[in-house]
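The values are calculated or read from the model by the stated rules, or taken from the named source; none is laboratory data. Please read these numbers as outputs of a predicted model, since none were measured by experiment. Positions of Cβ are backbone-derived with ideal geometry, glycine not excepted, and every protein chain shown enters the neighbour counts. We work out accessible area using only protein heavy atoms, side chains counted, and drop any ligands, DNA or RNA first. Shrake-Rupley method; radii C 1.70, N 1.55, O 1.52, S 1.80 Å.
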Amino acid sequence: MRPSSPSGRRAKPALKLIAGGVLAVALVSGCGSGGDDDGGKSGGSSGGAQAKTLGKVAMPKVGKETNTMGTWVTDTNFVKGEVNEIVGYSLDGATSKWKIPLDGQICWASPHMTEEGLTAVLFRDGAGEDALCTQVGLVDLKKGKLVWQKEGSDTEGNAGVQFDQVTIGGGTVAAGGSGGGGAWSLDGTPLWKPEYLADCDDNGYAGGDDKIVAIRGCDSEDSSTQRLEVQTVNPRTRAVTSSYPLDEKVEYAHVISTAPLVVAVDTGDSDAGTGTTDILTIDDSGKRGKLLSTIDVLAKGYQPNCPATSVEGCTELALDKASSTLYLSSEVDVDHGGPGDRITGLNLKTGKETGRTKMAESRSLTPVQTEKDGSLIAYLGSMYSEAGGVVRIDPTSFAMETLQKHPDDMKDAESGMDVYGDCTMIYKGKRLYIGDSRASRPTSGDGGTRPLAVVFGTA
């Protein structure tokens, strides 16, 4: 089947680095962001609390790039995936509270977390370079405990099945990849296994809420390509409750949301490094799914970031489920590229634009998450002369209110995490948490100041 992509990191064009100093990306691919120096009008408001650097996790000393995926925030802990372990910190990130040792590097970490604080991780079966991604673990992020660890086996009893990613949803932990998919209940009971030498496999799953959605790939006649199908399945039995076949031109599919069902696809024309050409909203209430709307990502210059072969992991976007509004960064100059320096809202039922922010002057503007009242939290990127910050965007007027400004002595660290990092952002309790998904050696470009994780806040 198709090869996996360990980091899923988009290529970062040198042209953008020259023009803007640092590239405008956030969440899984990049953190602090810079922008063009084109003198556009700023959409930001003055004011906002001056935040402090509450805590930093030092970059581990590694000889080569190492996966450290996993950034979560519970009511009591800030939790970070690190080198062959998961570490729980105080909410300000200043104090280590517990550690969970793993057999090897983290291959994938689900962004989803149950109300009880449970999540799923995939890791290697040893610390060596030849160790494989065969170990699936259920982690209690509140107690700092590896609840169980399982190794996948196929329908013929062959153990050591390799997976590419893992998710959690509907009381099920599901892992998929080029070798097929398997699942376990939260008590560790096997629910289904990868089929042995099958023509069709589950390339991966998306979870969250009470659903599991599978991207099913079937070999074509010449075995050089796959025909993909989006399947909503019963989380306990894998019985298909709804299916939607994708166009044969689609090479990769990524699930942005399971409820509503929103899928980003790549028909092979994505040359901007987003991994996406179109975003589809699908009604999966019936046995055969129905297409509700299509958003042309390429034509409009929107900038989601979807790792090429990963079913989950799309970032640089936010979704308000109550209003069915998707928020995406977009380039002001679509033809010549540049950082995503404004945010556009799109109605998923119609595909039509609901509004857009003004251009953020000389810096990027990236969606982070939506709040209960429907407002959007976004990251305002750093510049050469000023650090980044957090803004709130009104979902009706798209006016911006500055919530916090980061200390200027961290602008180089933020920029370094942007250019050299693959990061996740979470805003909770008036704090912005940034965690890098990869540990690497310092470079002259970041001055050796880049942390693995940092927490900004006013208290």
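Find how much the distance from VAL62 to CYS200 grows on full extension, using 0.36 nm per residue of separation minus their present alpha carbon separation; answer in nm with one decimal.
Details: separation 138, 0.36 × 138 = 49.68 nm, distance 3.86 nm.
Additional length available on full extension: 45.8 nm.
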Non-local residues with an amide H under 5 Å from the amide H of TYR196, with H modelled 1.01 Å from N and Pro and chain starts lacking one, are THR155, GLU156
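For every helix of n ≥ 4 consecutive DSSP H residues, a contribution of -39,500 (n - 2.57) applies; sum these over the chain, divide by its total residues, and give [θ] at 222 nm rounded to the nearest 500 deg cm²/dmol.
On the way: 3 runs with 21 residues, N = 459.
After summing the helix terms and dividing by the residues of the chain, the value is -1000 deg cm²/dmol.
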Quick check: with the 1.4 Å probe, what order do ASP187, ASP140 take by accessible area, largest first? ASP187, ASP140
Could you give the dipole magnitude of segment 68-211 about its Cα centre, charging the beta-carbon of Lys and Arg +1 and that of Asp and Glu -1, in debye to the nearest 20? 580 debye
Starting from the residue with the highest accessible area, list CYS107, CYS218 in decreasing order, probe 1.4 Å. CYS218, CYS107
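How many Å³ per residue does the convex hull of the Cα positions in the chain occupy? Walk me through the numbers before you get to the answer.
On the way: hull volume 60.3 nm³, N = 459.
Hull volume over Cα atoms, normalised by residue count, gives 131 Å³.
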HN-Hα couplings for segment 355-360 via Karplus (6.51, -1.76, 1.60; θ = phi - 60°), in whole Hz with x for Gly/Pro, come out as x, 8, 7, 6, 5, 7
Taking only the C-alpha atoms, wrap a convex hull around segment 39-128 and report its volume per residue in Å³ as a whole number. 183 Å³
Determine which lysines satisfy two conditions relative to LYS290: a Cα distance under 23 Å, and not lying fewer than 8 residues away in the same chain. LYS211, LYS249, LYS321, LYS349, LYS352
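What full-extension length gain, to one decimal in nm, is calculated for THR458 and LEU186 as 0.36 nm per residue of separation minus the Cα-Cα distance?
Values: separation 272, 0.36 × 272 = 97.92 nm, distance 3.73 nm.
This chain segment gains 94.2 nm when fully extended.
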May I ask you to list the aspartates and glutamates whose Cα is less than 17 Å away from that of LYS358, ignoring any residue fewer than eight positions away on the same chain? ASP36, ASP37, ASP38, GLU331, ASP333, ASP341, ASP394, GLU401
Lys/Arg +1, Asp/Glu -1 at C-beta; the chain dipole; positive extreme among ALA214, THR309, GLY429: GLY429
For the chain, what is the accessible area per residue in Å² when the probe is 1.4 Å? 40 Å²
Got a number for carbon plus sulfur as a percent of the chain's accessible area, 1.4 Å probe? 47 percent
Quick check: from the Cα gyration tensor, does segment 307-459 come out rounded (a/c under 1.5), prolate or oblate? prolate
